[in-house]
Amino acid sequence: HVPVLRDELVRWLVTDPAGTYADLTLGGGGHSAALLDVLAPAGGRLVCADRDGDAIRQARRRLGTHVESGAATLLQTSFGRFPAALSRAGVGVGAGGAPGEGARLSGVLLDLGVSSHQIDEASRGFSMRFEGPLDMRMDQASGELTAATILNEWSAAEIADVLWRHGEERLSRPLSRALVAARPLRSTAQLASVVKAAQPGAPKELTKRAARVFQALRIEVNAEMDELEAILAAAASLVRPGGRLAVMSYHSLEDRRVKRLLRSGATGGDSPPRDFYGNSLAPWTPLTRQPVFASDAEIEANPRARSVRLRVGER
């Protein structure tokens, strides 16, 4: 599997091959491997992080040579806990010892969403293409909340709120009532079937509707928006001046937050704070006024690249 926008990402992110970078969405290790091809020969380093223990175990095999040489460091941690994990690992941290007191990475990569491995592993419950349990946890070793818990124990109003906030699903209320009426829900196939049967529509639209429901449940289970807000807020204290933040998003909920952060320094606003003279005090300078999309050739070879949007900012 070739990672999305691999070559474009390396070109945008790496400004100093001898620097220290972080890939906080390790996944299958494709982007990390491509970055290390550039960094390792020049004496650079890469911190590879993921909240999924499976990703860390697979990366230890794929990137083993780089781990042994010290070019790669593997950390199992979530976005929100990454600054503390980085500080404990002593990577990219200056004399101050804490992320806010000298941590200066040359660049940070966030490839948001769910990894190909997670999608293709039926037992994880992320995809409607496979029969699997309604799990959807990115880290199956921690956290008790699963998609099954939401679907079988939460009220119709609570489920509707999840579908609206995280899936922007306009039929959230009738869908939530249909899901509650179909209890107990046990599998991904059953969930997809109930969603598609709840309201009439063309086959393509029914598939998109089911995809939005799966997306919304996954985001809620993993608190993805909270985690994204946390790392975006911390990024300016982690990246050195002149370093870069590269974010690949796959839906508008993520992309809006990233765009606002790069423009204003905060995910909730579009206007940057200014000093007495009217100069912007935002910590980032957007380098991609419009997002970078995958080429037609890449989309043909890898349909999952169709929705990716890459935005890059410089500290």
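The values are calculated or read from the model by the stated rules, or taken from the named source; none is laboratory data. Bear in mind the structure is a predicted one, so any value in this text is a computation, not a measurement. Heads up, the Cβs are rebuilt from the backbone with ideal geometry, glycines too, and the neighbour counts pull from every protein chain shown. Protein only, heavy atoms only, side chains kept; ligands, DNA and RNA dropped before computing areas. Shrake-Rupley method; radii C 1.70, N 1.55, O 1.52, S 1.80 Å.
What shape does segment 163-205 have by the C-alpha gyration tensor, where a ≥ b ≥ c are the square roots of the eigenvalues, rounded means a/c under 1.5, and otherwise prolate means a/b greater than b/c and oblate the rest? Write down the numbers at each step before the final one.
Details: a/c = 1.61, a/b = 1.19, b/c = 1.35.
Judged from the Cα gyration tensor, segment 163-205 comes out oblate (a/c at least 1.5, b/c at or above a/b).
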In a Gaussian network model of the chain with springs linking alpha carbons closer than 10 Å, the residue among LYS208, LYS259, LYS196 that fluctuates most is LYS208
Residues whose built amide H sits under 5 Å from the amide H of THR73, excluding neighbours closer than 5 in sequence, are LEU46, VAL47, CYS48
Along principal axes, largest first, the alpha-carbon spread of the chain in whole Å comes out as 58, 52, 40
The helix 172-181 Cα axis meets the longest alpha-carbon principal axis of the chain at an angle in degrees, between 0 and 90 and rounded to 10, of 60 degrees
Most fluctuating of ARG45, ARG244, ARG289 in the GNM of the chain (C-alpha, under 10 Å) is ARG289
re segment 121-222: pairs of Cα atoms spaced beyond 23 Å account for a percent value of 15 percent
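With every protein chain present, what is the per residue accessible area of the chain (1.4 Å probe, Å²)? Don't skip to the end; give the middle numbers.
Numbers: 14220 Å² over 315 residues.
The answer is 45 Å² per residue.
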Residues whose modelled amide H sits under 5 Å from the amide H of THR20, counting only those 5 or more places away in sequence or on another chain, are ARG45, SER106
Largest fluctuation, ALA202, ALA40, ALA59 only, Gaussian network model of the chain with Cα springs under 10 angstrom, belongs to ALA202
Percent relative contact order for the chain, counting Cα pairs under 8 Å at least six residues apart, stands at 16 percent
If one compares the long axis through the Cα atoms of helix 252-264 with the longest principal axis of the Cα atoms of the chain, the angle in degrees, nearest 10, works out at 30 degrees
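What FRET efficiency comes out for ARG57 versus PHE293 if R0 is 35 angstrom and r is the Cβ-Cβ distance? Round to the nearest 0.05. If you can, show how the numbers build up before the last one.
Details: r = 32 Å, r/R0 = 0.92.
Here the calculated transfer efficiency is 0.60.
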Rounded to the nearest 10 degrees, the helix 188-198 long axis (Cα) sits at an angle to the longest Cα principal axis of the chain of 60 degrees
Percent antiparallel among DSSP beta bridges confined to the chain, rounded to 5, stands at 40 percent
